[in-house]
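Working notes for the structure below.
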Amino acid sequence: MAELLTSQLAKLNLLSRASFRDDEDFGEEIDDSTIAGGGHGGRPTQITKTQLRVSHALKSFLVQEGILSKRDARLDSEELGDALHALVEKPHIQVPPEVTDRSYPLSEYFISSSHNTYLLGHQLHGKSSAAAYETALNAGSRCVEIDAWDNDDNKDEPKVTHGYTLVSNIPFRSVCETIRDVVDSEAAQSSNLQGYQPAPILLSLENHCGAQGQRRLVAIMKEVFGHRLLSEAVREKGHEEQEGGDNPVTLAELGSKIVVIVEYHLPDEVATSDDGDDSSEDEEEKQAKAAYLAKRKATTTGIIIPELADLGVYAQSVKPKDNSWFEDVLKDRPHNHLINVSESGLAAHMPGASEKIARHNARHLMRVFPKGTRISSKNLKPVPFWGVGAQICAMNWQTFNASMQLNEALFSGTDGYVLKPAALRSGGSGNTGAGLRRKRLRLRVGGASDVPVPPDREDEAVRPYVTCTLVHPGELGGAHPKRKTGPYRQHRLGFLHRGENPPATDPLWDETLEWEYDGDELAFLRILIKSDDSFAENPIFAVAAVRLTYVVPGWVFLRMLDLKGRETKCSLLVHFDLTDI
């Protein structure tokens, strides 16, 4: 009987642990305190690293490794000496100047972009808010989306909402006023920086209005934005700029303007859905989505009036009806088309047509939006789409999840525009890894200070470890190589332990994690501090992500972020070693 009971308990424990899934895509809802997501590293609101504490254990480690002398480490003090202060202040990334050079054509940049920007939380029953635009723009977004609808209560004031859902609505005018105020605030902040201009803001306008409503959209934008709105070509030759000539408009020429992306409907366009089944959805989500799609199919494609179409000076959004856009020349195209395609619609052509798509995107804009089943504000995986040169990967900024952390890594230290690798620009091969040598990344993980343990957890009960994932464009399915340290546990009987025995909030690991990969210029490392919990999902305590071409070699302190995209007091000491094989 005892043996049977033991066997049953063993099975129960095994099943308990296996039934939990570590959701490393998890993020918390952002709010107006969020500073990360689209490149906070280059913004003046960043908290300085001088506020970081370095634990006694890490100081001792730095002395042991010969990085600091005992005198410089100040082992007997909480204060940071000059040498340690310099190490703490050392940036962990260095963005090459050419990455932020604005003298290239607009199509040759990645653009930090937001999807359904007006939403707070869930896309079927969340809340619309004009303040969400301020949050996204302040956190680094340079392309925001506006879904405009006719307002039955006031024909002269179109509304912004998520159609056919329980989402609340806000006046289109209020959204424009919020964006205008951000533009003015950025201009005021940059006035002390000689020769500096904030980067332009793109508005992805999804129009659901009739002719009268569209006329009001145009009137409101011109009234509210005024001189800030780009309403005509910046050069006299006008629309020939992006017709495939040798001298297209550059990012610099757009200044700090508000640039509108307007829809263009192809002849005989059929409303289609790229929305596939998502096994992670619950039954309520599936039913709500089915009802939404049924209502959407009942609508007809609208006509864009000339006054609104004229505002799409440098981008007219097209949903392609065939493959002519990458196989040859887009049929019935507008003067400067932007391919607007869902993640599943684009992925269906990859990797078979990846290089053709990349060559198209070297000269023309592309916007990739999340498939419709991502109604819980989950996100597309942007790295494979960046790998084919998609400039605008429209992200749900409602939560700071894994994809938003990678978005932060690409745009950190920039103004929301990042020059593509040469292979993805005009005349390039279309393959960011072509001709590059295979790389080896060694990440030595020293330790951390002030791991942020949630208030409902006892510090002594956590077993922190570091887990890292190497993300690169070649893995469309997301099977990225992962490495992790062992869990740290403080020795309860400290007098039996030799050397440092710090608490769980100041763990030491001193382990080296290693990867080999094709030397793609769009490779990223995502770093998590988690706790190894028995019979439970391992919670994430802090996160960081870096683009590997930006990292500074040697020992650096990483300022860790929480799951809302806010800087914490936690720092992680690591050593980057990136070499050719």
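Taking 0.36 nm per residue of separation and subtracting the Cα-Cα distance, full extension of the segment from GLN197 to ASP577 would add 133.3 nm.
The listed peptides 387-398, 511-522, 143-154, 71-82, ordered by packing as a protection proxy, come out as 387-398, 143-154, 511-522, 71-82 (highest mean of other Cβ atoms within 10 Å first). Each Lys and Arg Cβ is given +1 and each Asp and Glu Cβ -1; about its Cα centre, region 533-579 then shows a dipole of about 240 debye. Taking label points 7 Å from Cα along the Cα-to-Cβ direction, LYS331 and HIS349 give a separation of 1.5 nm. If the limit is 21 Å between Cα atoms, which of LYS70/LYS484; LYS484/LYS530; LYS59/LYS90 go over it? LYS70/LYS484, as the Cα separations exceed 21 Å there. Of LYS159/LYS222; LYS356/LYS420; LYS159/LYS371; LYS127/LYS159, which ones are farther than 19 Å apart at the Cα? The pairs that break the limit, which is 19 Å between Cα atoms, are LYS159/LYS371.
The length gained on full extension between SER185 and GLU460, counted as 0.36 nm times the residue separation minus their Cα-Cα distance, comes to 94.4 nm.
FYI, it's all coordinate maths here, none of it is from the lab. Just so it is clear, the model here is predicted, and its values are computed rather than measured. All Cβ positions, even for glycine, are placed from backbone atoms using ideal geometry, and neighbour counts span all protein chains on display.
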